[in-house]
Amino acid sequence: MTVGQQDEFLNYIDGEWTRSRTGRTFDNVNPADTGDIVGRFQASSAEDARAAVAAAAAAFQAWKRTPISRRAAILNRAADHLEANAEAIAGELTREEGKPLNLSKDEVLRSAQTLRFYAVEGQTFGGETFPQDDPEMLVYMLREPLGVVTVISPWNFPVSIPARKIAPALITGNTVVFKPSSDAPLSGYRLAEALVKGGLPKGVLNFITGSAGEIGPTITESAPVRAISFTGSTRAGEQIHRAVPMTTRTQMELGGKNPLIVMEDADLDKAVDLTIKGGFSLSGQACTGTSRVLVVSSVRAAYTERLLARVKALKIGSGMTPGMDVGPLATRRQLETVLGYIDVGKREATLLCGGERLTADGMDKGFYVSPAVFTDVMQGMRIATEEIFGPVIAIIECADYADAIAKANDTDYGLSAAIVTSNPRHIQQFAADIESGTVKINRTTTGNLVNAPFGGLKRSSTSTFRESGRAGLEFYTQTKTVYRGC
Ligand code: NAP
C-alpha cells in the first residue's frame, strides 16, 4: 500500500500535534500482511523527548491544582470516546498487532472501563488521620502527586496497559510522558487522542513515538522525571531500573515463564481448556501466558492426548477473519525468536505437534507459526527456563504435588501460576506454596481484573508498587505527615 500524508501520525507535545524535529518517520507494519503499512510514525530524537518532558514539567503545578472532579470528568469523556469508537480502534489494533478482532474489542472496552474506574476510585483515595492525646492538635497524612511520570508500554496490550498506567497518574494530579511500543504505536495514539478529546489541558499528557535507543534515556533519566511505569521485557526493565537516579520511583512489570499444574484429580477437559486459553490465545504473546504445563505422571498420557486433539483443531489466520483462534506473531523479530526456540526445543525435547512457519493461503505474507507442544521437557532446558513469548507449550512430568510446586518455583520469574485440581488441601495450599504474584486455582494463568492489584514476584517485577485497582494509585502519590496545632 502507498502511504499518503493522511497515514502519518504525529507526536502530541505541549498541547500540539507535532512532527519530530528529525523529519524522520518509521513504518508500522501489519503482522498478518507485511505489505500493509498501518501508519507512519515520528522517529523522534532526544531533543523531541526533552520538549515532551519540559512540557509535562511546566504543566504540573496547574494540573495538580485542577479540581479532582474536573480531572475525573476528562477520564470519563475519554472513556466515552473509546466506547463510541471501539469498533474502529479495535480494527486498527488487530491490524497493527495481529490479535483476533473480538479480543481487540474487549481490550478497548476494558481500557474505557479502566478510565472510569480511576475516575471514581481516584476521588476516594485520600490520606488518613491519627488518633493522639492532644486535643489541640490534628495529625494527618496527606497524599500528593509526584510530578512528571513516564509511561512506557509494550505492543501486546497496546491500549489497556498504558490505560492502566496513565489513568491513575492523571487522576492523582501527575503529568505524563507516554512512549508506546514502536511495534504498535497506533493504539497508544488512539488512547492519547481520546484523552485529548476528553479535554486535557496542554502539557498534561505528552505522546511521543520513536526508538528506545533514541528517546529512552531522556524520558527515563531526565531530572524532572519523578517516576517510571514500565511494562516490557525483563532485560529492558532491569536496564532502565539500573540507569535511573535513586530518587526516581519505578514500577517495572516484566516477563514470565508461567506454570499451569495439572493434578491427578483434575478435570482433564478443563485442564486442556485452560491450557489452550492460557497458552495459545494471543498467539502465546501474553505476559501471563501459560508456557509450562506440569502434569502429574498418572494423568500425563490422557491429558496430552486430549490437548493434542484440541491444538490440532485450532484455526490459525488473520485476526480480521471471524472465528480464528490464533493470529500471527506481532513482529518479524518475534517470529524469528519463536522459531529459534522451536529449533532449540527440537534438540532438547520431543515436539508433539506444530512449530512450523505457515505459508499456505497467503500466510507467507504474515508471521504465522502453528501452535507447538513439546513433551519430555526437563528442568534446566532452555524451553523450560526462558520466556519464549509465542505459541509454545512445554509439558513437564511431575511425581506429585510437592514435585510440581518445586518445579513450578524453579524459575527466575514469578508473574502468574495456576493449578487444576479438585483436592481441597491443594486448593488451600497452592497460594501459600507458589512463588507468583498472580495465583489462579482452576482458572487460566492469563487475565486480571481492573479493580484488583496486579504484578509479579522475583524477576517479573520490581515488586515495589502494584498496578491496577487502588494499588495503582499508590505508585503515583507521595505522602506527608502533618502535625497541625492551633
Ligand atoms: P520490550 O522490548 O522490553 O519493550 C517494551 C517497551 O519498552 C517498548 O516501548 C520499548 O520501546 C521500550 N524500551 C525498551 N528498552 C528501553 C529503554 N532502555 N528505555 C526506554 N524504553 C525502552 O518488550 P516488548 O517486546 O515490547 O514486550 C514483550 C515483553 O513485555 C515480554 O517480556 C512480556 O512478558 C512483557 N510484558 C509484561 C507484562 C506484565 O504486566 N508483566 C505485560 C505485557 C508484556 P521500542 O518499542 O521503541 O523498543
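Placing unit charges on the Cβ atoms of the charged side chains and taking the dipole of the range 316-393 about its Cα centre, the candidate lying farthest along the positive direction among Pro371, Ile388, Thr350 is Ile388. More than 25 Å apart: what percent of Cα pairs in the range 1-158 qualify? Everything past 25 Å amounts to 51 percent.
Listed by Cβ neighbour count within 10 Å, with the fewest neighbours leading, Trp155, Trp17 appear as Trp17, Trp155. Entry note, the chain: relative contact order of 18 percent, from Cα contacts under 8 Å with a spacing of 6+ residues.
Packing-based ranking of 447-456, 206-215 yields 206-215, 447-456, ordered from highest to lowest mean Cβ neighbour count within 10 Å.
Using only alpha carbon pairs under 8 Å that are at least six residues apart, calculate the relative contact order of the range 334-478 and give it in whole percent. All intermediate terms of the calculation are to be shown ahead of the outcome.
Numbers: 221 pairs, mean separation 22.4, N = 145.
Relative contact order, the range 334-478: 15 percent.
Here is the list for the range 244-340: trypsin sites (Lys or Arg not before Pro) lying in DSSP coil, each with at most 13 other C-beta atoms within 10 angstrom of its C-beta, are Lys315. Backbone geometry of the range 155-164 corresponds, through the Karplus equation with coefficients 6.51, -1.76 and 1.60 at θ = phi - 60°, to 3J(HN,Hα) couplings of 8, 7, 10, x, 10, 6, 5, x, 4, 6 Hz, x marking Gly and Pro. Full extension of the chain segment joining Asp269 with Gln123 gains 48.1 nm, where the gain is 0.36 nm per residue of separation less the Cα-Cα distance. In this label model, Met141 and Leu457 are separated by 2.4 nm, measuring between points 7 Å along each Cα→Cβ vector.
Cα convex hull, the range 404-483: 127 Å³ per residue, rounded to a whole number.
Packing here is the average count of other Cβ atoms within 10 Å per residue, and on that basis the peptides 167-176, 364-373, highest first, run 167-176, 364-373. Rounded to the nearest 20 debye, the dipole size of the chain about its Cα centre is 860 debye, using +1 on the Cβ of Lys and Arg and -1 on the Cβ of Asp and Glu.
Only bridges whose two residues both fall in the chain count here: according to DSSP, what percent of them are antiparallel, nearest 5?
Numbers: 27 of 68 bridges.
Bridges in the chain that DSSP calls antiparallel: roughly 40 percent.
In this structure, the residue pairs whose Cα-Cα separation is over 27 Å, taken from Lys365/Lys458; Lys105/Lys440; Lys315/Lys407; Lys179/Lys315; Lys346/Lys407; Lys197/Lys480, are Lys365/Lys458; Lys315/Lys407; Lys179/Lys315; Lys197/Lys480.
What relative contact order, as a whole-number percentage, does the range 356-409 give when Cα pairs under 8 Å and 6 or more residues apart are counted?
Details: 48 pairs, mean separation 15.6, N = 54.
Reported relative contact order: 29 percent.
Between the amide H of Val177 and those of Val149, Thr150, Val151, Asn206, distances stay under 5 Å, these residues lying 5 or more places away or on another chain, with hydrogens modeled in the peptide plane. When +1 charges are put on Lys and Arg Cβ atoms and -1 charges on Asp and Glu Cβ atoms, the dipole computed for the range 1-95 relative to its Cα centre reaches about 680 debye. With helices as the sole contributors, the chain gives -12000 deg cm²/dmol at 222 nm; each DSSP H run of n ≥ 4 counts as -39500 (n - 2.57), and the sum is divided by every residue. Computed 3J(HN,Hα) for the range 360-368, one whole-Hz value per residue from the Karplus formula 6.51 cos²θ - 1.76 cosθ + 1.60 where θ = phi - 60°, is 6, 6, x, 6, 5, 7, x, 9, 9, glycine and proline marked x. Net charge near Ala432: determine it from the other residues with C-beta under 15 Å of the C-beta of Ala432, scoring Lys and Arg +1 and Asp and Glu -1. Every neighbour counted, the sum reads 0.
Here the convex hull built on the C-alpha positions of the range 148-204 has a volume of 68 cubic angstrom per residue. Distance from the Cα centre of the range 62-79 to that of the range 148-170, in angstrom? Centre-to-centre distance over Cα atoms comes out at 17 Å. If the chain linking Asp361 and Arg425 were pulled fully straight, counting 0.36 nm for each residue of separation and taking away their Cα-Cα distance, it would gain 18.0 nm.
Peptide packing for 128-135, 407-414 was compared via the average number of neighbouring C-beta atoms within 10 Å per residue; ordered from the highest value, the list is 407-414, 128-135. How big is the gap, in Å, between the Cα center of the range 424-445 and the Cα center of the range 1-60? A separation of 43 Å, based on Cα centres. Please report the net charge: other residues with Cβ closer than 10 Å to the Cβ of Ser370, K and R +1, D and E -1. Net charge in that neighbourhood comes out at +1. For helix 332-348, what angle does its Cα long axis make with the longest principal axis of the chain, in degrees from 0 to 90 and rounded to 10? Long axis of 332-348 versus the principal axis of the chain: about 40 degrees. Here the range 353-486 is assigned +1 on the Cβ of each Lys and Arg and -1 on the Cβ of each Asp and Glu. Its dipole about the Cα centre then comes out at about 840 debye.
Note on the chain: percent of Cα-Cα distances in each 10 Å bin, starting at 0 and stopping at the bin with the largest distance, equals 4, 20, 28, 25, 15, 6, 1, 0, 0.
Residue farthest toward the positive end of the dipole of the chain, with Cβ of Lys/Arg at +1 and Asp/Glu at -1: which of Ser291, Pro31, Ala309? So the residue furthest toward the plus end is Pro31.
What is the order of Cys486, Cys398, Cys287, fewest Cβ neighbours within 10 Å to most?
Working: Cys486 6, Cys398 21, Cys287 28.
Least to most surrounded, the residues fall as Cys486, Cys398, Cys287.
None of the figures in this text is laboratory data; all of them are computed from the coordinates on show. Everything numeric in this text was worked out from a predicted model, so none of it was measured. No Cβ is skipped: glycine too gets one built from the backbone with ideal geometry, and neighbour counts run over all protein chains shown.
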